[in-house]
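Okay, so here's the structure we're looking at.
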Amino acid sequence: MTAVADTVLDTLWYTRCPVPTASGLAHSLGWLGESAADAGVGLGVLQDAGPELAPRHFDHQLLGLIREGGNVPALAARAEGSPTRLIGLTWIDEAQAVLVAPDSPAAGPGDLAGLRIAVPAWAQDRARSFPRAMALHGFASALRLGGLTLADVRPVEVEVERNPQVRTDATSGRRITTWGVDALLAGDVDAIYVKGARAQEVAREHGLRVAVDLDATESKRLRVNNGTPRPITVHADLLETRPDLVVGFLAQTLRAADWAADNLDEVRAVLARETFSGAAGVEAAYGDSFHRGLHPTLAEDRLDLLDIQKQFLYTHGFLAADFDLETWVAPEPLQQARALLAADAKVGS
(Lines give C-alpha, C1' and ligand atoms only; values in the text may rest on other atoms or scores of the structure.)
Protein backbone atom coordinates (compact mmCIF):
# COMPACT_ATOMS: atom_id res chain seq x y z
CA MET A 1 0.00 0.00 0.00
CA THR A 2 1.35 3.42 -0.91
CA ALA A 3 1.53 6.23 1.60
CA VAL A 4 -0.98 9.00 0.93
CA ALA A 5 -1.02 10.82 4.23
CA ASP A 6 -0.21 14.12 2.52
CA THR A 7 -2.91 13.72 -0.14
CA VAL A 8 -6.16 15.60 0.38
CA LEU A 9 -9.06 13.55 -0.92
CA ASP A 10 -11.83 15.78 -2.27
CA THR A 11 -13.66 13.33 -4.54
CA LEU A 12 -15.07 9.86 -4.05
CA TRP A 13 -14.87 8.20 -7.45
CA TYR A 14 -17.35 5.55 -8.52
CA THR A 15 -17.33 3.32 -11.58
CA ARG A 16 -19.64 0.51 -12.62
CA CYS A 17 -20.68 -1.60 -15.60
CA PRO A 18 -24.08 -1.35 -17.38
CA VAL A 19 -25.67 -4.18 -15.40
CA PRO A 20 -28.00 -4.57 -12.39
CA THR A 21 -26.24 -3.32 -9.25
CA ALA A 22 -27.52 -1.91 -5.99
CA SER A 23 -24.76 0.71 -6.12
CA GLY A 24 -26.02 1.80 -9.53
CA LEU A 25 -29.50 2.16 -8.08
CA ALA A 26 -28.12 4.10 -5.11
CA HIS A 27 -26.43 6.46 -7.54
CA SER A 28 -29.60 6.87 -9.65
CA LEU A 29 -31.58 7.63 -6.49
CA GLY A 30 -29.06 10.28 -5.47
CA TRP A 31 -28.05 8.48 -2.30
CA LEU A 32 -24.36 8.04 -3.13
CA GLY A 33 -24.02 11.76 -3.79
CA GLU A 34 -25.80 12.62 -0.57
CA SER A 35 -23.59 10.29 1.46
CA ALA A 36 -20.42 11.70 -0.09
CA ALA A 37 -21.57 15.28 0.53
CA ASP A 38 -22.33 14.49 4.16
CA ALA A 39 -18.75 13.24 4.47
CA GLY A 40 -17.36 16.45 2.97
CA VAL A 41 -16.36 15.23 -0.50
CA GLY A 42 -17.83 15.27 -3.98
CA LEU A 43 -18.94 12.24 -5.96
CA GLY A 44 -17.32 11.66 -9.32
CA VAL A 45 -18.60 9.06 -11.78
CA LEU A 46 -15.80 7.72 -13.94
CA GLN A 47 -18.09 7.22 -16.94
CA ASP A 48 -18.86 10.96 -16.90
CA ALA A 49 -15.23 12.05 -16.55
CA GLY A 50 -12.78 12.79 -19.34
CA PRO A 51 -11.01 10.10 -21.38
CA GLU A 52 -7.87 10.48 -19.30
CA LEU A 53 -9.62 8.70 -16.41
CA ALA A 54 -11.31 5.97 -18.46
CA PRO A 55 -8.39 3.49 -18.08
CA ARG A 56 -8.82 3.59 -14.29
CA HIS A 57 -11.99 1.50 -14.67
CA PHE A 58 -9.68 -1.34 -15.71
CA ASP A 59 -6.46 -0.80 -13.75
CA HIS A 60 -7.98 0.73 -10.60
CA GLN A 61 -5.02 3.10 -10.24
CA LEU A 62 -7.03 6.03 -8.88
CA LEU A 63 -7.06 7.13 -5.28
CA GLY A 64 -10.63 7.41 -4.02
CA LEU A 65 -12.06 4.84 -6.46
CA ILE A 66 -14.76 2.28 -5.68
CA ARG A 67 -15.64 -0.09 -8.51
CA GLU A 68 -18.53 -2.49 -8.97
CA GLY A 69 -18.14 -4.34 -12.21
CA GLY A 70 -17.00 -7.44 -14.02
CA ASN A 71 -14.56 -9.67 -12.21
CA VAL A 72 -12.14 -10.12 -15.12
CA PRO A 73 -10.72 -6.55 -14.96
CA ALA A 74 -10.84 -6.59 -11.16
CA LEU A 75 -8.93 -9.88 -10.90
CA ALA A 76 -6.50 -8.90 -13.67
CA ALA A 77 -5.71 -5.59 -11.97
CA ARG A 78 -5.11 -7.29 -8.65
CA ALA A 79 -2.87 -9.92 -10.27
CA GLU A 80 -0.78 -7.11 -11.77
CA GLY A 81 -0.32 -5.43 -8.39
CA SER A 82 -3.03 -2.77 -8.31
CA PRO A 83 -3.64 -1.69 -4.70
CA THR A 84 -7.22 -2.89 -4.25
CA ARG A 85 -9.29 -4.70 -1.66
CA LEU A 86 -12.39 -6.80 -2.20
CA ILE A 87 -15.28 -5.46 -0.07
CA GLY A 88 -18.33 -7.21 -1.53
CA LEU A 89 -19.68 -9.69 -4.07
CA THR A 90 -23.04 -9.74 -5.81
CA TRP A 91 -24.65 -12.45 -7.93
CA ILE A 92 -27.20 -11.62 -10.61
CA ASP A 93 -27.91 -14.17 -13.33
CA GLU A 94 -28.00 -12.35 -16.66
CA ALA A 95 -29.18 -14.64 -19.44
CA GLN A 96 -26.03 -16.43 -20.54
CA ALA A 97 -26.47 -18.51 -23.66
CA VAL A 98 -24.80 -20.05 -26.68
CA LEU A 99 -26.54 -18.95 -29.87
CA VAL A 100 -26.51 -20.53 -33.31
CA ALA A 101 -27.91 -19.54 -36.71
CA PRO A 102 -31.60 -20.18 -37.44
CA ASP A 103 -30.83 -23.15 -39.71
CA SER A 104 -28.22 -24.75 -37.43
CA PRO A 105 -28.95 -28.34 -36.34
CA ALA A 106 -27.33 -27.71 -32.93
CA ALA A 107 -29.98 -28.05 -30.22
CA GLY A 108 -28.04 -28.87 -27.07
CA PRO A 109 -24.62 -29.01 -25.41
CA GLY A 110 -23.66 -32.30 -27.04
CA ASP A 111 -24.24 -30.80 -30.49
CA LEU A 112 -21.44 -28.27 -30.03
CA ALA A 113 -18.75 -30.85 -30.81
CA GLY A 114 -16.75 -29.85 -33.87
CA LEU A 115 -18.36 -26.43 -34.23
CA ARG A 116 -16.46 -23.22 -34.94
CA ILE A 117 -16.94 -20.99 -31.90
CA ALA A 118 -16.44 -17.22 -31.88
CA VAL A 119 -13.64 -16.17 -29.52
CA PRO A 120 -13.05 -12.40 -29.27
CA ALA A 121 -9.50 -11.35 -30.06
CA TRP A 122 -7.13 -10.20 -27.34
CA ALA A 123 -7.35 -6.49 -26.54
CA GLN A 124 -4.39 -4.26 -25.64
CA ASP A 125 -4.16 -5.79 -22.18
CA ARG A 126 -5.60 -8.60 -20.09
CA ALA A 127 -8.24 -6.51 -18.29
CA ARG A 128 -9.74 -5.18 -21.52
CA SER A 129 -9.78 -8.69 -22.95
CA PHE A 130 -12.80 -9.55 -20.82
CA PRO A 131 -15.01 -10.35 -23.89
CA ARG A 132 -12.56 -13.13 -24.77
CA ALA A 133 -12.56 -14.43 -21.21
CA MET A 134 -16.36 -14.34 -21.07
CA ALA A 135 -16.77 -16.29 -24.30
CA LEU A 136 -14.18 -18.92 -23.38
CA HIS A 137 -15.66 -19.56 -19.96
CA GLY A 138 -19.21 -19.49 -21.32
CA PHE A 139 -18.36 -22.06 -23.97
CA ALA A 140 -16.38 -24.16 -21.49
CA SER A 141 -19.42 -24.33 -19.21
CA ALA A 142 -21.79 -25.13 -22.07
CA LEU A 143 -19.49 -27.86 -23.35
CA ARG A 144 -19.18 -29.35 -19.89
CA LEU A 145 -22.95 -29.85 -19.82
CA GLY A 146 -22.51 -32.12 -22.83
CA GLY A 147 -19.49 -33.96 -21.46
CA LEU A 148 -17.18 -32.00 -23.76
CA THR A 149 -14.29 -29.56 -23.38
CA LEU A 150 -12.81 -26.68 -25.36
CA ALA A 151 -10.64 -29.27 -27.12
CA ASP A 152 -13.80 -30.53 -28.84
CA VAL A 153 -14.54 -27.27 -30.70
CA ARG A 154 -12.66 -25.03 -33.15
CA PRO A 155 -12.05 -21.50 -31.83
CA VAL A 156 -12.20 -18.72 -34.41
CA GLU A 157 -10.93 -15.29 -33.39
CA VAL A 158 -13.33 -12.45 -34.14
CA GLU A 159 -13.13 -8.71 -33.59
CA VAL A 160 -15.73 -7.42 -31.15
CA GLU A 161 -16.58 -4.06 -29.64
CA ARG A 162 -16.97 -3.61 -25.88
CA ASN A 163 -19.64 -0.97 -26.48
CA PRO A 164 -23.17 -2.20 -27.20
CA GLN A 165 -23.48 -0.03 -30.30
CA VAL A 166 -22.40 -1.44 -33.65
CA ARG A 167 -19.49 0.21 -35.43
CA THR A 168 -17.42 -0.40 -38.56
CA ASP A 169 -13.78 -1.41 -38.39
CA ALA A 170 -11.71 1.25 -40.16
CA THR A 171 -9.20 -1.26 -41.54
CA SER A 172 -11.34 -4.14 -42.75
CA GLY A 173 -14.61 -2.29 -43.30
CA ARG A 174 -16.46 -5.07 -41.47
CA ARG A 175 -19.24 -4.33 -39.04
CA ILE A 176 -18.30 -5.23 -35.48
CA THR A 177 -20.72 -6.14 -32.71
CA THR A 178 -20.24 -6.91 -29.08
CA TRP A 179 -20.94 -10.63 -29.33
CA GLY A 180 -19.73 -11.62 -32.80
CA VAL A 181 -23.24 -11.66 -34.28
CA ASP A 182 -21.96 -10.55 -37.69
CA ALA A 183 -19.46 -13.40 -37.82
CA LEU A 184 -22.28 -15.86 -37.11
CA LEU A 185 -24.61 -14.36 -39.70
CA ALA A 186 -21.81 -14.32 -42.27
CA GLY A 187 -21.13 -18.01 -41.70
CA ASP A 188 -17.62 -17.42 -40.36
CA VAL A 189 -18.50 -19.19 -37.09
CA ASP A 190 -21.15 -21.67 -35.99
CA ALA A 191 -21.85 -20.48 -32.43
CA ILE A 192 -21.43 -17.40 -30.26
CA TYR A 193 -21.65 -16.77 -26.53
CA VAL A 194 -23.90 -13.91 -25.36
CA LYS A 195 -25.13 -12.49 -22.10
CA GLY A 196 -27.32 -9.72 -20.78
CA ALA A 197 -30.28 -7.59 -21.79
CA ARG A 198 -29.05 -6.20 -25.10
CA ALA A 199 -27.86 -9.64 -26.18
CA GLN A 200 -31.41 -10.93 -25.84
CA GLU A 201 -32.68 -8.18 -28.11
CA VAL A 202 -29.96 -8.81 -30.68
CA ALA A 203 -30.80 -12.52 -30.76
CA ARG A 204 -34.46 -11.77 -31.46
CA GLU A 205 -33.64 -9.15 -34.08
CA HIS A 206 -31.65 -11.66 -36.12
CA GLY A 207 -33.72 -14.76 -35.42
CA LEU A 208 -30.86 -16.56 -33.71
CA ARG A 209 -31.58 -19.75 -31.80
CA VAL A 210 -30.50 -20.74 -28.29
CA ALA A 211 -28.47 -23.95 -28.46
CA VAL A 212 -27.50 -23.90 -24.77
CA ASP A 213 -29.23 -21.89 -22.05
CA LEU A 214 -26.71 -21.68 -19.21
CA ASP A 215 -29.29 -20.15 -16.89
CA ALA A 216 -31.31 -23.37 -17.15
CA THR A 217 -28.72 -25.32 -15.19
CA GLU A 218 -29.07 -25.38 -11.43
CA SER A 219 -25.30 -25.46 -10.99
CA LYS A 220 -23.98 -22.02 -10.11
CA ARG A 221 -20.52 -23.29 -10.92
CA LEU A 222 -21.54 -23.58 -14.58
CA ARG A 223 -22.83 -20.01 -14.52
CA VAL A 224 -19.61 -18.49 -13.19
CA ASN A 225 -18.36 -15.80 -15.57
CA ASN A 226 -17.33 -12.15 -15.71
CA GLY A 227 -20.46 -10.92 -13.94
CA THR A 228 -21.14 -13.90 -11.71
CA PRO A 229 -20.06 -13.18 -9.09
CA ARG A 230 -19.50 -9.44 -9.51
CA PRO A 231 -16.96 -7.83 -7.14
CA ILE A 232 -17.01 -4.47 -5.40
CA THR A 233 -13.42 -3.32 -5.04
CA VAL A 234 -11.87 -0.24 -3.46
CA HIS A 235 -8.50 1.46 -3.74
CA ALA A 236 -6.61 0.27 -0.67
CA ASP A 237 -5.44 3.75 0.26
CA LEU A 238 -9.02 5.03 0.32
CA LEU A 239 -9.94 2.22 2.69
CA GLU A 240 -7.00 3.09 4.92
CA THR A 241 -7.37 6.88 4.97
CA ARG A 242 -11.16 7.33 4.67
CA PRO A 243 -12.89 4.13 5.77
CA ASP A 244 -15.99 6.21 6.55
CA LEU A 245 -16.47 6.89 2.83
CA VAL A 246 -16.27 3.19 2.02
CA VAL A 247 -18.69 2.25 4.80
CA GLY A 248 -21.07 5.02 3.73
CA PHE A 249 -20.96 3.80 0.12
CA LEU A 250 -21.77 0.24 1.17
CA ALA A 251 -24.52 1.39 3.53
CA GLN A 252 -26.26 3.25 0.70
CA THR A 253 -25.76 0.22 -1.56
CA LEU A 254 -27.43 -2.05 1.01
CA ARG A 255 -30.19 0.51 1.46
CA ALA A 256 -30.79 0.56 -2.31
CA ALA A 257 -30.90 -3.25 -2.38
CA ASP A 258 -33.60 -3.13 0.31
CA TRP A 259 -35.52 -0.54 -1.71
CA ALA A 260 -35.21 -2.56 -4.93
CA ALA A 261 -36.91 -5.59 -3.38
CA ASP A 262 -40.23 -3.70 -3.34
CA ASN A 263 -39.87 -1.61 -6.50
CA LEU A 264 -39.44 -3.90 -9.50
CA ASP A 265 -40.91 -1.51 -12.09
CA GLU A 266 -38.68 1.35 -10.99
CA VAL A 267 -35.63 -0.93 -10.97
CA ARG A 268 -36.39 -2.10 -14.51
CA ALA A 269 -36.71 1.50 -15.68
CA VAL A 270 -33.24 2.28 -14.31
CA LEU A 271 -31.81 -0.87 -15.89
CA ALA A 272 -33.26 -0.06 -19.29
CA ARG A 273 -31.12 3.08 -19.23
CA GLU A 274 -28.07 1.39 -17.68
CA THR A 275 -28.00 -1.54 -20.12
CA PHE A 276 -28.83 0.44 -23.29
CA SER A 277 -31.83 -1.80 -23.88
CA GLY A 278 -35.59 -1.67 -23.68
CA ALA A 279 -37.93 -3.02 -21.05
CA ALA A 280 -38.40 -6.29 -22.94
CA GLY A 281 -34.65 -6.93 -23.03
CA VAL A 282 -34.33 -6.28 -19.30
CA GLU A 283 -37.20 -8.64 -18.50
CA ALA A 284 -35.85 -11.37 -20.78
CA ALA A 285 -32.33 -11.13 -19.37
CA TYR A 286 -33.05 -10.80 -15.66
CA GLY A 287 -36.54 -12.19 -15.06
CA ASP A 288 -38.89 -11.00 -12.33
CA SER A 289 -37.07 -11.87 -9.11
CA PHE A 290 -33.52 -10.54 -9.54
CA HIS A 291 -34.42 -7.32 -7.72
CA ARG A 292 -34.68 -9.24 -4.44
CA GLY A 293 -31.06 -10.41 -4.52
CA LEU A 294 -28.95 -7.30 -5.11
CA HIS A 295 -27.34 -7.24 -1.67
CA PRO A 296 -23.55 -7.60 -1.64
CA THR A 297 -22.05 -10.20 0.68
CA LEU A 298 -18.72 -11.88 1.31
CA ALA A 299 -20.29 -15.25 2.00
CA GLU A 300 -18.02 -18.25 1.65
CA ASP A 301 -19.99 -19.72 -1.25
CA ARG A 302 -19.58 -16.54 -3.32
CA LEU A 303 -15.88 -16.41 -2.56
CA ASP A 304 -15.59 -20.03 -3.67
CA LEU A 305 -17.31 -19.18 -6.96
CA LEU A 306 -14.99 -16.22 -7.49
CA ASP A 307 -12.04 -18.53 -6.88
CA ILE A 308 -13.32 -20.80 -9.66
CA GLN A 309 -13.29 -17.80 -11.99
CA LYS A 310 -9.82 -16.76 -10.82
CA GLN A 311 -8.39 -20.20 -11.53
CA PHE A 312 -10.02 -20.31 -14.98
CA LEU A 313 -8.61 -16.89 -15.86
CA TYR A 314 -5.13 -17.85 -14.65
CA THR A 315 -5.20 -21.12 -16.58
CA HIS A 316 -6.14 -19.35 -19.81
CA GLY A 317 -3.65 -16.50 -19.54
CA PHE A 318 -5.88 -13.65 -18.33
CA LEU A 319 -3.96 -13.12 -15.09
CA ALA A 320 -0.32 -12.08 -14.88
CA ALA A 321 0.08 -14.14 -11.71
CA ASP A 322 -1.97 -16.19 -9.31
CA PHE A 323 -2.72 -14.81 -5.85
CA ASP A 324 -4.40 -15.81 -2.61
CA LEU A 325 -8.01 -14.67 -2.70
CA GLU A 326 -8.31 -14.50 1.09
CA THR A 327 -5.60 -11.84 1.33
CA TRP A 328 -7.65 -9.66 -1.04
CA VAL A 329 -10.78 -9.68 1.12
CA ALA A 330 -11.55 -6.85 3.55
CA PRO A 331 -14.74 -7.87 5.41
CA GLU A 332 -14.87 -5.02 7.94
CA PRO A 333 -16.47 -2.28 5.76
CA LEU A 334 -19.48 -4.43 4.86
CA GLN A 335 -19.89 -5.52 8.48
CA GLN A 336 -19.79 -1.89 9.61
CA ALA A 337 -22.23 -0.82 6.89
CA ARG A 338 -24.75 -3.43 8.03
CA ALA A 339 -24.34 -2.27 11.62
CA LEU A 340 -24.83 1.35 10.56
CA LEU A 341 -28.07 0.55 8.75
CA ALA A 342 -29.31 -1.52 11.68
CA ALA A 343 -28.58 1.36 14.05
CA ASP A 344 -30.40 3.84 11.78
CA ALA A 345 -33.40 1.49 11.59
CA LYS A 346 -33.50 1.22 15.36
CA VAL A 347 -33.44 4.99 15.75
CA GLY A 348 -36.23 5.39 13.20
CA SER A 349 -38.48 2.75 14.75
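The values are calculated or read from the model by the stated rules, or taken from the named source; none is laboratory data. Nothing here was measured: the structure is a model prediction, and the numbers come from that model. We place every Cβ from the backbone using ideal geometry, glycine too, and count neighbours over all the protein chains shown. Only protein heavy atoms, including side chains, enter the accessible area calculation; ligands, DNA and RNA are left aside. Shrake-Rupley method; radii C 1.70, N 1.55, O 1.52, S 1.80 Å.
Condition test on residue 117, is it part of a strand (DSSP E or B) and in contact with a strand residue (DSSP E or B) (Cβ under 8 Å, 6 or more places away or on another chain)? Outline the logic, then answer.
On the way: part of a strand (DSSP E or B): yes; in contact with a strand residue (DSSP E or B) (Cβ under 8 Å, 6 or more places away or on another chain): yes.
Judged against the criteria, residue 117 is a match.
Determine whether residue 186 is aliphatic (A, V, I, L, M) and without any contact (Cβ under 8 Å) to a residue 24 or more places away in the chain. Before you say what the answer is, go through the steps one by one.
Numbers: aliphatic (A, V, I, L, M): yes; without any contact (Cβ under 8 Å) to a residue 24 or more places away in the chain: yes.
For residue 186, the condition - aliphatic (A, V, I, L, M) and without any contact (Cβ under 8 Å) to a residue 24 or more places away in the chain - is met.
Counting just the residues of the stretch 269-284 that are charged (D, E, K, R) and open to solvent by 60 Å² or more (accessible area, probe 1.4 Å), which one comes out modelled with the highest pLDDT?
Our first condition is that a residue be charged (D, E, K, R); within the stretch 269-284, this holds for 273-274, 283.
Of the ones still in play, those that are also open to solvent by 60 Å² or more (accessible area, probe 1.4 Å) are 273, 283.
On the way: 273: 72, 283: 65.
Here the answer is 273.
What are the residue pairs meeting all of these: first residue in the stretch 142-155, first residue closer than 17 Å to residue 213 by Cα and in contact (Cβ under 8 Å) with a residue 60 or more places away in the chain, second residue buried (at least 19 other Cβ atoms within 10 Å of the Cβ) and of a type in the set (Ser, Thr, Tyr), Cβ atoms under 9 Å, and 6 or more apart or on different chains?
As it stands, the answer is 142/193, since those pairs meet every condition given.
I need the full set of residues from the stretch 1-42 which are within 26 Å of residue 92 (Cα to Cα), at pLDDT 85 or above, in contact with a strand residue (DSSP E or B) (Cβ under 9 Å, 6 or more places away or on another chain) and of a type in the set (A, V, I, L, M, F, W, C), in order please.
The answer is 12, 13, 22, 32.
State whether one or more residues within the stretch 126-134 are aliphatic (A, V, I, L, M), under 19 Å from residue 200 (Cα atoms), under 16 Å from the mean Cα position of the chain (by Cα) and at pLDDT 90 or above. Write out each step before concluding.
Initially, the stretch 126-134 is screened for residues aliphatic (A, V, I, L, M), giving 127, 133-134.
Pick out the ones that are also under 19 Å from residue 200 (Cα atoms) and you get 134.
If we keep only those that are under 16 Å from the mean Cα position of the chain (by Cα) as well, we get 134.
Narrowing the set further to residues that are at pLDDT 90 or above leaves 134.
Within the stretch 126-134, one or more residues are aliphatic (A, V, I, L, M), under 19 Å from residue 200 (Cα atoms), under 16 Å from the mean Cα position of the chain (by Cα) and at pLDDT 90 or above.
Does residue 97 meet the test of being modelled with pLDDT under 95 and over 20 Å from residue 320 (Cβ atoms)?
Values: modelled with pLDDT under 95: yes; over 20 Å from residue 320 (Cβ atoms): yes.
Criteria met by residue 97.
Among the residues of the stretch 296-325, which ones are over 22 Å from residue 126 (Cα atoms) and either touching a Ser or Thr at 6+ places or on another chain (Cβ under 6 Å) or not hydrophobic (A, V, I, L, M, F, W, C) (or both)?
Listed by number, the residues that qualify are 296, 297, 300, 301, 302, 304.
From the list 242, 223, pick out the single residue that is of a type outside the set (Val, Ile, Thr), within 16 Å of the chain's Cα centre (by Cα) and modelled with pLDDT of 95 or more. Lay out the reasoning, then the answer.
Numbers: 242 fails: within 16 Å of the chain's Cα centre (by Cα).
Answer to the selection: 223.
Results for (1) touching a Ser or Thr at 6+ places or on another chain (Cβ under 7 Å); (2) under 29 Å from residue 192 (Cβ atoms), shown as yes or no for each residue.
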{"site": "8", "(1), (2)": "no, no"}
{"site": "20", "(1), (2)": "no, yes"}
{"site": "29", "(1), (2)": "no, no"}
{"site": "52", "(1), (2)": "no, no"}
{"site": "55", "(1), (2)": "no, yes"}
{"site": "65", "(1), (2)": "yes, no"}
{"site": "76", "(1), (2)": "no, yes"}
{"site": "95", "(1), (2)": "no, yes"}
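As an exercise: evaluate residue 306 against (1) in contact with a Pro (Cβ under 8 Å, 6 or more places away or on another chain); (2) open to solvent by 70 Å² or more (accessible area, probe 1.4 Å) and give the number of the one condition it does not meet.
(2)
What number of residues in the stretch 312-346 are part of a helix (DSSP H, G or I) and either among the acidic types (Asp, Glu) or loosely packed, with under 14 Cβ neighbours inside 10 Å (or both)?
Residues of the stretch 312-346 part of a helix (DSSP H, G or I): 312-315, 325-328, 332-346.
Filter once more, keeping what is either among the acidic types (Asp, Glu) or loosely packed, with under 14 Cβ neighbours inside 10 Å (or both): 315, 326-327, 332, 335, 339, 342-346.
Number satisfying all stated conditions: 11.
If I ask for residues that are within 22 Å of residue 241 (Cβ to Cβ) and open to solvent by 10 Å² or more (accessible area, probe 1.4 Å), which ones from the stretch 13-40 would you list?
Of everything in the stretch 13-40, those that are within 22 Å of residue 241 (Cβ to Cβ) and open to solvent by 10 Å² or more (accessible area, probe 1.4 Å) turn out to be 13, 33, 34, 35, 37, 38, 39, 40.
Condition check: modelled with pLDDT of 95 or more, closer than 24 Å to residue 235 by Cβ and among the hydroxyl-bearing types (Ser, Thr, Tyr). Does residue 90 satisfy that? Write out each step before concluding.
Working: modelled with pLDDT of 95 or more: no; closer than 24 Å to residue 235 by Cβ: yes; among the hydroxyl-bearing types (Ser, Thr, Tyr): yes.
So residue 90 fails the test.
Which members of the stretch 81-130 meet the condition of being open to solvent by less than 30 Å² (accessible area, probe 1.4 Å) and without any contact (Cβ under 8 Å) to a residue 60 or more places away in the chain?
Across the stretch 81-130, the qualifying residues are 82, 119, 121.
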